[in-house]
Amino acid sequence: MDAYKDDRDVYRELGLKPAITASGPMTHHGGSKLRPEIVDAMRAASQVMIDVHALNDRAGQIVAEYTGAPAGMVCSGASGGLTLQAAAVMTGTDRGLAERLPDTDGLRNEIIIQNTQRFPFEQGYRAAGAKLVGVGNFLHCHPWQIEAAITEHTAAVAFLVAPYLPHNAMTLPQVIKVAHAHNLPVIVDAAEVVPPRENFKKYIAWGADMVTYSGGKAIRGPQGTGILVGRSDLIAAARLNASPNLSIARGQKVAKEEIVGLLKALDIFIAQDEAEETAHYRRMAQHVIDTIGEMPGLDLTLRYDKRDWLLPMAVLHFTPQWRGPSRNTVLQRMQDGDPPIFMHTLSDPDNLAVHPLSVDDDELEIVAARLKQELNAKP
Ligand SMILES: *Cc1c(COP(=O)(O)O)cnc(C)c1O
């Protein structure tokens, strides 16, 4: 039996306005929606006690199998995964060293990163006490630049796989080759790049030593979860540094019901037909485009760039010929209305997009109609 006639009431009771998130799985806007089967699994798991170490072992085996890695674990989002990667490469399985974090004086505590890949989440590495050493410039990075940065304090080389990155960094196989020649592990942030599902296995198969993925983005697991997979010794080191142990990442606890929820979400996600899923999101994006219709100065396109691992989106491009309300005005009015509607900004001042992941069919009608209304409103 549902406790709420309308699920939105749970936020209305708090005096808040329930929103619609067409910005993709943005943590600021609530992430993604849990499927009912996952809520059921989490409810059940929350009512029964379990040995958390045994649950972690089993969850680790399962995520390792999905990714073809020797070992794995559930972590607190990909951000938590970055902190555990850094901790693991600095301490190994030495309890004494783990206890010292984030004080890393005298440890191998430097993580090399290409400057073309500097990114907003990299603080996750520093949270464990690691120091980032940027190499190359905004245009390129060469193997000799990584080699020149290696010292006796180097702990690992980091690599980011993400949409929107300029494609001028060294590739992951190139980085792995250089790092492994110097016996250094390569730690990968692949938070956002599934689907496609093939990316679960790709980076480990190429030789990456640890890879982290978000559980709460397109996999639609609990928002606070992530996956960390890789070499057995490094995963053992990450487990040592993670909750329930009293270590650096104790504050990044993942509850038993969240772990179970993520496993259920993965189970469903892996079994899902990717072509069908893509077709579904394509239809949604096309519906938005068709509802808005032609408007002078506004280019509407369905964007699906498999190279950038994005779900299909409806993109609105505001050209210099556009005479309606500005892109920023539309963005603001959409989120100031009732319900507030969050749009994807594509980090681009001339574009807005509808990302369909967290939008259901009723909500899509509201989003499309409101967009049409705001685009036709006075500037
Ligand atoms: C979303 C994201 C993260 C953070 O993931 P969470 O699961 O939300 O912690 C880290 N890195 C990149 C590149 C991301 O896109």
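Of all residue pairs spaced 6 or more apart or on separate chains, those with beta-carbon atoms under 7 Å, a first member in region 56-78 that is more than 18 Å from VAL193 (Cα to Cα) and a second member that is of a type in the set (Ser, Thr, Tyr) are PRO70/SER232; ALA71/SER232. Of all residues in region 157-173, those being within 16 Å of the ligand (Cβ to nearest atom) and either more than 22 Å from the chain's Cα centre (by Cα) or at pLDDT 95 or above (or both) number 5. Taking region 147-163 as the range and being more than 19 Å from LEU82 (Cβ to Cβ) and outside any loop (DSSP other than H, G, I, E, B) as the test, the residues that pass are GLU147, ALA148, ALA149. Just one of the listed residues (GLY207, GLY226) is closer than 22 Å to ALA130 by Cβ, surrounded by fewer than 17 Cβ atoms within 10 Å (Cβ to Cβ) and either among the small types (Gly, Ala, Ser) or modelled with pLDDT of 95 or more (or both), namely GLY207.
Would you say MET313 is within 26 Å of LEU34 (Cα to Cα), buried (at least 22 other Cβ atoms within 10 Å of the Cβ) and in contact with a His (Cβ under 7 Å, 6 or more places away or on another chain)?
Values: within 26 Å of LEU34 (Cα to Cα): yes; buried (at least 22 other Cβ atoms within 10 Å of the Cβ): yes; in contact with a His (Cβ under 7 Å, 6 or more places away or on another chain): yes.
Yes, satisfied.
One line per residue, one yes/no per condition, for (1) over 27 Å from LEU165 (Cα atoms); (2) assigned by TED's automatic domain parsing to the domain that holds GLY77; (3) at pLDDT 95 or above; (4) surrounded by fewer than 19 Cβ atoms within 10 Å (Cβ to Cβ):
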| position | (1), (2), (3), (4) |
| --- | --- |
| LYS264 | yes, yes, yes, no |
| GLN286 | no, no, yes, yes |
| ASP290 | yes, no, yes, yes |
| ASP308 | no, no, no, yes |
| SER347 | no, no, no, yes |
| ALA353 | no, no, yes, no |
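Residues that are part of a loop (DSSP other than H, G, I, E, B) and touching a helix residue (DSSP H, G or I) at 6+ places or on another chain (Cβ under 7 Å) were ranked within region 35-58; the one that is most open to solvent (accessible area, probe 1.4 Å) is ILE50.
Restricting region 104-129 to residues that are in contact (Cβ under 8 Å) with a residue 40 or more places away in the chain and within 14 Å of GLU152 (Cα to Cα), which is nearest to the ligand (Cβ to nearest atom)? Give the steps one after another, and end with the answer.
First, pick out the residues of region 104-129 that are in contact (Cβ under 8 Å) with a residue 40 or more places away in the chain: 107-114, 116-117, 119, 121-122, 124-129.
Those left that are additionally within 14 Å of GLU152 (Cα to Cα): 107-112.
Values: LEU107: 24, ARG108: 23, ASN109: 21, GLU110: 20, ILE111: 15, ILE112: 18 Å.
Residue satisfying both the conditions and the ranking: ILE111.
Here is a yes/no grid of residues against (1) surrounded by fewer than 24 Cβ atoms within 10 Å (Cβ to Cβ); (2) in a strand (DSSP E or B); (3) within 16 Å of the ligand (Cβ to nearest atom):
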{"position": "ILE176", "(1), (2), (3)": "yes, no, no"}
{"position": "PRO196", "(1), (2), (3)": "yes, no, yes"}
{"position": "ALA237", "(1), (2), (3)": "no, no, no"}
{"position": "GLU257", "(1), (2), (3)": "yes, no, no"}
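The values are calculated or read from the model by the stated rules, or taken from the named source; none is laboratory data. Computed from a prediction, not measured in an experiment: that's the story for all the values here. Reconstructed Cβ throughout: ideal geometry from the backbone, glycine too, with neighbour counts over all protein chains shown. Just the protein is used for accessible areas: all its heavy atoms, side chains included, with ligands, DNA and RNA removed. Shrake-Rupley method; radii C 1.70, N 1.55, O 1.52, S 1.80 Å.
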